[in-house]
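Written below as structure tokens is the structure these notes are about.
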Amino acid sequence: MREEPNGMWTHDEAARYLGIQPQTLYYMNYKGNGPKSYKVGKYRRYRRRDIDAWLEANSSER
């Protein structure tokens with residue numbers, strides 16, 4: 001997966017990194033329980049460090 005020069009990923013790239021469908025990520029954003037995203041123009045962008053932090057905060061050890 002490529003890292004943009006400004007460190008931002010598109011919605012599809014973020015979903016691919018998470019291993020989920022883009023539509024699932026849209027729904028998570030709609031519900032307010034997905035990783036932090038940024039509005040850039042009319043699009044949502046994601047930083048890998050925010051996704052990793054969200055994964056860490058929402059993972060459960062068994």
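Miscellaneous remarks
- Qualifying positions in region 10-25 - part of a helix (DSSP H, G or I) and not charged (D, E, K, R): H11, A14, A15, Y17, L18, P22, Q23, T24, L25
- Per the listing Y38, Y27, Y17, Y46, the residue uniquely over 11 Å from the mean Cα position of the chain (by Cα) and surrounded by 10 or more Cβ atoms within 10 Å (Cβ to Cβ) is Y27.
- For P35: the one exception among (1) closer than 20 Å to G7 by Cβ; (2) assigned to a helix (DSSP H, G or I): (2)
No lab work stands behind these numbers, since they all come straight from the coordinates. Just so we're clear, the structure is a prediction, and the values are computed from it rather than from any experiment. Backbone-built Cβ (ideal geometry, glycine too); neighbour counts: all protein chains shown.
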